[in-house]
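The values are calculated or read from the model by the stated rules, or taken from the named source; none is laboratory data. Because the structure is a prediction, the values reported are computed rather than measured. As a convention, Cβ positions derive from the backbone with ideal geometry for all residues, glycine included, and neighbour counts pool all protein chains shown.
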């Protein structure tokens, strides 16, 4: 009955600049010689040509050449892969499919069928998996089941993303741009060192879309606005030549309009047959345009009060900005080269998200069906592995992994189509804990 809008294609950037201090020359392979591509898809560093399964990879220079701001811009890295936004929730809910296998659901009690791994930490939720950064060192797409090395239920494959490490040398880069829909963005990083053994990298990003893709006559303005910002800290300490300790912290905030819905109701659907909201065909909408919505905004009630539809322009404008997504990431890595052949790695990962969204699911200017769906999600992981590689015919990796996650969503539904003139206020609280 409803058609979710996928992520709309942005207009071509009219301004994009990358400035580096100091300037680092790009290394170009000699004519006739292929540049070596290094991957970590088997939990150790090796040449892509030596990996015996289906993996595609992008290097840092290739990623920067595409001006990618999130991994959806890099979906062309590999055949048989789709990376998109479901537009069902705030902050970017990933719909990633490899070879036709994937999950496109906003709820976090569905495990992703395609794993997204960033700096060795698996993100166990579709929400927040559309990573945004100008500082990607590499991106690998592993096609086919990856449960042995990248976690349970990764039956479609895995996307392995690595960000650049601190250099310890004073320098940085900035990228700014302006696009259609009154959108501007600015990203930047700066590197510096503290003494001989400590390297620091700071990063910041801002993207503000001040005009939406859609018009809403009821609200009296465009909808689909989005404001994203993040701060990052990366510290690398090398107390000895054989030991490295690295910390990565990423703090993200998103404020946006509730993703719009378009109603394509037909005679067999309740909202058409009973309420008269019918579209000419499934390829059209009740407004006659795929770029015009009829959603009414809902005003959240006081505790114990009743929700109500926005009835004034001020209320309508307030009701439309009803989605937020905040996420904090902490990663600690310890790397010890015990001998020339033996390496020990430990990775601690923590990912927390807090989101709010009030949605109108009927796509009409009436109060027929809406929800208030706040959600909190936490995951903590520990991974330790020992690698043995003596440049001989046999290499080995052995390790252990511990996963702990919690998810809670006190869903509140407002149903106005069952009993005419009455709004049913229903509470359905979900909580899930997982250990493995």
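Figures for the structure shown
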{"item": "Sole exception among (1) closer than 24 Å to residue 359 by Cα; (2) touching a residue at least 40 places away in the same chain (Cβ under 8 Å); (3) assigned to a strand (DSSP E or B) for residue 417, by number", "result": "(3)"}
{"item": "Strands (runs of 3 or more DSSP E) wholly inside the stretch 1-91 containing at least 2 residues that are at pLDDT 70 or above", "result": "55-59, 81-85"}
{"item": "Where residue 190 falls short, out of the listed (1) within 22 Å of the chain's Cα centre (by Cα); (2) surrounded by fewer than 20 Cβ atoms within 10 Å (Cβ to Cβ); (3) modelled with pLDDT of 90 or more; (4) not in a loop (DSSP other than H, G, I, E, B)", "result": "(1)"}
{"item": "Any chance residue 212 is part of a strand (DSSP E or B) and in contact (Cβ under 8 Å) with a residue 12 or more places away in the chain", "result": "no"}
{"item": "Residue match in the stretch 262-273 (condition: in a strand (DSSP E or B) and either at pLDDT below 90 or farther than 19 Å from residue 85 by Cβ (or both))", "result": "yes"}
{"item": "Flag if residue 184 is free of Cβ contacts under 8 Å to residues at least 60 places away in the same chain, over 26 Å from residue 96 (Cβ atoms) and either within 21 Å of the chain's Cα centre (by Cα) or part of a strand (DSSP E or B) (or both)", "result": "yes"}
{"item": "Flag for residue 108 being in contact (Cβ under 8 Å) with a residue 40 or more places away in the chain, surrounded by 19 or more Cβ atoms within 10 Å (Cβ to Cβ) and closer than 30 Å to residue 402 by Cβ", "result": "yes"}
{"item": "Subset of the stretch 366-391 that is part of a loop (DSSP other than H, G, I, E, B) and in contact with a strand residue (DSSP E or B) (Cβ under 6 Å, 6 or more places away or on another chain) - its residue that is surrounded by the fewest Cβ atoms within 10 Å (Cβ to Cβ)", "result": "374"}
{"item": "Residue under evaluation residue 146, criteria (1) farther than 22 Å from residue 76 by Cα; (2) buried (at least 17 other Cβ atoms within 10 Å of the Cβ), criterion not met", "result": "(1)"}
{"item": "Residue in the stretch 128-147 that is modelled with pLDDT of 85 or more, under 20 Å from residue 379 (Cα atoms) and outside any loop (DSSP other than H, G, I, E, B) present", "result": "no"}
{"item": "Residues being in a loop (DSSP other than H, G, I, E, B) and buried (at least 18 other Cβ atoms within 10 Å of the Cβ) - total across the stretch 234-258", "result": "2"}
{"item": "Failed criterion for residue 222 (all others in (1) under 26 Å from the mean Cα position of the chain (by Cα); (2) at pLDDT 90 or above; (3) not in a loop (DSSP other than H, G, I, E, B) hold)", "result": "(2)"}
{"item": "Check on residue 423, touching a strand residue (DSSP E or B) at 6+ places or on another chain (Cβ under 8 Å), farther than 26 Å from residue 326 by Cα, exposed (fewer than 15 other Cβ atoms within 10 Å of the Cβ) and at pLDDT below 95", "result": "no"}
{"item": "Checklist (1) more than 29 Å from residue 225 (Cβ to Cβ); (2) surrounded by fewer than 21 Cβ atoms within 10 Å (Cβ to Cβ) applied to residue 121, failing item", "result": "(2)"}
{"item": "Test result for residue 199, within 20 Å of residue 68 (Cβ to Cβ) and either at pLDDT 95 or above or buried (at least 16 other Cβ atoms within 10 Å of the Cβ) (or both)", "result": "no"}
{"item": "Within the stretch 279-288, tally of residues that are touching a strand residue (DSSP E or B) at 6+ places or on another chain (Cβ under 9 Å), surrounded by fewer than 16 Cβ atoms within 10 Å (Cβ to Cβ) and within 15 Å of residue 365 (Cβ to Cβ)", "result": "0"}
